[in-house]
Every structure is written in C-alpha cells, then in structure tokens.
Amino acid sequence: MPQSNYRRNRVLVTGGAGFLGSHLIDRLLDRGSEVLCVDNLFTGDKSNIDHLAGNPRFEFMRHDVCLPLFVEVDAIYNLACPASPIHYQHDPVQTTKTSVHGAINMLGLAKRLRVPIFQASTSEVYGDPSVHPQPESYWGNVNPIGIRSCYDEGKRCAETLFFDYHRQHGLDVKVARIFNTYGPRMNAADGRVVSNFIVQALQGEDITIYGDGSQTRSFCYVDDLVDGFLRFMDAGDDVHGPINIGNPNEFTIRQLAEKVIEKVGGSSKLIEKPLPQDDPMQRKPDISKARELLNWQPTVELDEGLDRTIAYFRKVVAG
Ligand code: NAD
Ligand code: UDP
Ligand code: UDP
C-alpha cells in the first residue's frame with residue numbers, strides 16, 4: 001500500500017521527557033518541526049523539557065503508551081521505555097507491557113495515519129553476545145527467563161511487531177539498535193555506569209566496579225546518536241533496518257573508571273562489587289550498515305564526550 005506524501009512536520013516523540021527523547025526534541029525543534037511529546041514520567045523528568053515551556057511548536061501530553069493514543073502527526077519516534085537495569089527491573093511486567101503494548105499502539109497509530117515510525121531498539125537484543133563485534137545479522141544470545149529478559153525480550157518482540165506491520169501493512173518502519181549512550185541529562189540516579197562513575201567521583205565516593213571490570217562497552221555521545229536517528233528517519237522509505245547506532249570504540253569498565261577519576265580528580269578509589277546476573281561481557285557495534293545506508297558515523301570521542309558530561313554533572317551535583 002503506498003505511503004501518504006507526509007510532510008514530517010508535526011512529530012510525535014514518545015518517551016520525550018527522558019534522556020534521549022529530550023535531546024531528540026531539541027534537534028527536531030531546531031529543524032523547524034512541531035513536536036508532540038508523550039510521556040508518563042515514569043523515569044523521565046519534566047526538568048528535561050522545562051526549557052521548552054512557552055515554545056509554541058512544543059506540546060507535552062502525559063500519557064502511558066500502553067493505552068491507545070489518537071492524535072494527528074506526520075512521523076513517530078517511539079522511545080518510551082525504562083532503559084536502565086535498575087529502572088526496567090523495578091517493575092519487570094510493566095517493562096514488557098511498555099515495549100509490547102506500546103509498540104502495538106504506536107504501530108496502530110502509524111497504520112491509521114500512514115506515517116513512518118522509528119523504534120528505539122537496543123543492543124540488548126544481542127544479549128550476552130558470542131559474536132564480536134555485533135552485526136545486525138547476528139540473532140543474539142538472550143536468556144528468556146532472567147532478570148534482564150523483561151527488557152531484552154520486550155524489545156525483541158517489539159522488533160517482531162515492527163517488521164510484521166511492515167510486511168503485513170506496508171508500514172515504513174525504522175528500527176535502530178542503540179548501543180550504550182551517555183551525555184548531559186542522563187538520570188543521575190538510574191545506575192548506569194557513566195553517570196554512576198562521574199557522580200561518585202564528583203562526590204569523592206568510591207567508584208563501584210561490578211565484577212572485575214574486564215567487561216566491555218562502547219559508548220556513544222548523545223549528539224552523535226540523535227544525528228543517526230534523524231538520518232534514519234530522513235532515509236528513503238526502502239530503509240527499514242535494523243541498523244546499529246553506536247560508537248564502535250570499545251573500553252573495559254575498568255578503563256572507563258580510570259578515565260573518569262583522571263578527569264574529575266579527587267580521592268575516589270576503585271572497589272569491586274558483585275557482577276549482576278546475565279551482565280553481558282562484551283559489546284561493540286558493527287556500524288557498516290549505518291555508514292553505508294545513512295552515511296553516519298560518530299564524531300565525538302569518549303574523552304571529549306566525558307568532559308561535556310562531567311561539566312553537566314558538576315552543575316547537577318552542586319544543586
Ligand atoms: P529514559 O528512561 O531517560 O527515557 C525513557 C522515557 O520513557 C522516560 O521519559 C519515561 O518516563 C518514558 N516512559 C517509560 N515508560 C513509559 C510508558 N509506558 N508510557 C509513556 N512513557 C514512558 O531512557 P533513555 O536512555 O532516554 O532511553 C530512551 C529509549 O532508548 C528507550 O526505549 C531505551 O530502551 C532506548 N535505549 C537507550 C539506550 C541508552 O544507552 N540510553 C540504549 C539502548 C536503547
Ligand atoms: N491505535 C491507537 N491509535 C490509533 C489507531 C490505533 O492507539 O490512531 C491502537 C488501537 O487501539 C489498537 C492498536 O493501536 O489497539 C493496534 O491497531 P491496529 O489497527 O493494528 O489493530 P486493531 O485495532 O485492528 O486491533
Ligand atoms: N557497571 C559498573 N558499575 C556501576 C554501574 C554499572 O561496573 O556502578 C557495569 C555493569 O555491570 C555493566 C556496565 O557497567 O557491565 C554497563 O552498565 P549499564 O547499566 O550502564 O549498561 P548496560 O549493562 O545496560 O549495558
């Protein structure tokens with residue numbers, strides 16, 4: 001079925017009061033779009049979008065994506081979902097519902113409106129990967145019944161729904177697999193490694209390394225990531241993904257801790273805590289597809305991104 005000739009000017013961002021969503025909204029408004037931000041404020045915070053109050057092209061709606069939503073928009077970015085392990089494990093049933101029911105409702109909306117829809121999927125669909133780095137063709141190594149499964153399997157099921165709506169209803173879907181991302185407006189209390197280490201260092205507390213710190217992650221600065229989202233949505237209606245979006249520069253968690261201490265200074269020591277169950281041992285995106293199909297690659301090195309993020313958290317910690 002042909003897509004409507006969408007203007008892509010009024011854009012829905014679900015999860016828009018969160019870390020990534022709020023940066024995406026800033027960029028969309030800069031480009032002249034109107035933005036409808038839908039968020040139930042479960043993990044997001046109004047402070048992330050406070051600076052947009054009074055902007056006539058910005059609108060906030062408090063709403064849970066598990067419930068149907070009837071609005072008129074030209075494009076949809078579906079980001080609503082708790083993203084950090086402590087938040088998504090807080091109410092795991094709700095996490096799966098948000099991924100699955102949220103996807104169904106937003107896909108139903110996209111189907112009625114005949115508009116493109118972007119899904120914030122995740123590197124977690126690869127689980128604890130046995131292929132390294134991870135290309136999109138890798139099917140993953142996911143425990144279906146562990147403490148991370150509500151998130152991993154919820155996101156995997158959402159991907160299934162996106163591709164079935166594409167095949168069955170001809171929807172223009174854009175599925176991005178996002179790798180670990182950091183930057184200003186990360187939630188200081190959501191336990192993610194970059195925010196934890198920076199806040200601990202700024203407060204002179206011990207830096208908590210889970211396990212021996214030899215596990216790896218590849219950290220993408222938020223501005224680079226959002227640039228990838230926009231390029232994906234702007235790509236032709238024959239580009240559906242999944243496409244990995246992340247920075248392929250890989251670091252051990254111990255290296256990250258040492259870097260943060262070196263930058264922040266102070267007297268923090270590294271201490272080891274138990275490694276959480278099913279914690280992936282290595283993670284690094286193969287971004288050949290993003291390079292080829294979106295002409296995208298990250299530009300901000302970890303050193304520079306950490307400096308910007310530390311500057312942000314200095315203000316947060318100072319109150
Ligand atoms: P975040 O927690 O800061 O933002 C998620 C937002 O979704 C929050 O504002 C929250 O209130 C909202 N939300 C949660 N459940 C909702 C519901 N049922 N209805 C409406 N709103 C709801 O997390 P983030 O880091 O900005 O992540 C955004 C998206 O990107 C998530 O889908 C996440 O899974 C995905 N992602 C993020 C990363 C990362 O490194 N940050 C990596 C992979 C994937
Ligand atoms: N939906 C929505 N907004 C819309 C259209 C649909 O929230 O503008 C919801 C609708 O409530 C349904 C879901 O999206 O539960 C899936 O819609 P679809 O049309 O695919 O399925 P159906 O309604 O036929 O079950
Ligand atoms: N981690 C850590 N100390 C912390 C927080 C996290 O060593 O204070 C580790 C965690 O065990 C994982 C990595 O850092 O191996 C990344 O954790 P995060 O929760 O940021 O992201 P994810 O595990 O979802 O990739």
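FYI, it's all coordinate maths here, none of it is from the lab. What you see is a predicted model; the values in this text were computed from it and never measured. For neighbour counting, all protein chains shown are included, and Cβ atoms are generated from backbone atoms with ideal geometry for every residue, glycine included.
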| field | Answer from SER99, SER123, SER195, SER149 - the residue that is away from ligand 1 (no atom under 12 Å from the Cβ) and either among the polar types (S, T, N, Q) or in contact with a strand residue (DSSP E or B) (Cβ under 7 Å, 6 or more places away or on another chain) (or both) | value | SER149
| query | Could you list, in sequence order, the residues of region 126-145 that are touching an Asp or Glu at 6+ places or on another chain (Cβ under 8 Å), away from ligand 1 (no atom under 16 Å from the Cβ) and among the polar types (S, T, N, Q)? | reply | ASN141, ASN143
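Quick check: is even one residue across region 132-152 acidic (Asp, Glu) and farther than 28 Å from MET106 by Cβ?
Narrowing region 132-152 to residues acidic (Asp, Glu): 136, 152.
When the remaining residues are screened for being farther than 28 Å from MET106 by Cβ, the result is none.
No, region 132-152 contains no residue that is acidic (Asp, Glu) and farther than 28 Å from MET106 by Cβ.
Only one residue in GLY21, GLY32, GLY44, GLY54 is in contact with a Phe, Trp or Tyr (Cβ under 9 Å, 6 or more places away or on another chain), in a loop (DSSP other than H, G, I, E, B) and away from ligand 3 (no atom under 16 Å from the Cβ), so which one is that?
Numbers: GLY21 fails: in a loop (DSSP other than H, G, I, E, B); GLY32 fails: in contact with a Phe, Trp or Tyr (Cβ under 9 Å, 6 or more places away or on another chain); GLY54 fails: in contact with a Phe, Trp or Tyr (Cβ under 9 Å, 6 or more places away or on another chain).
The unique qualifying residue is GLY44.
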| task | Looking only at region 188-199, count how many residues are in a loop (DSSP other than H, G, I, E, B) and surrounded by 20 or more Cβ atoms within 10 Å (Cβ to Cβ). | result | 1
| task | Kindly check whether there is at least one residue in region 270-286 that is more than 30 Å from GLN203 (Cβ to Cβ), away from ligand 1 (no atom under 15 Å from the Cβ) and not in a helix (DSSP H, G or I). | result | yes
| Looking only at residues in region 81-119 that are within 20 Å of SER33 (Cα to Cα) and buried (at least 23 other Cβ atoms within 10 Å of the Cβ), which one is farthest from ligand 2 (Cβ to nearest atom)? | PHE118
| task | Could you tell me whether any residue of region 147-155 is of a type in the set (S, T, N, Q) and within 21 Å of ASN249 (Cβ to Cβ)? | result | no
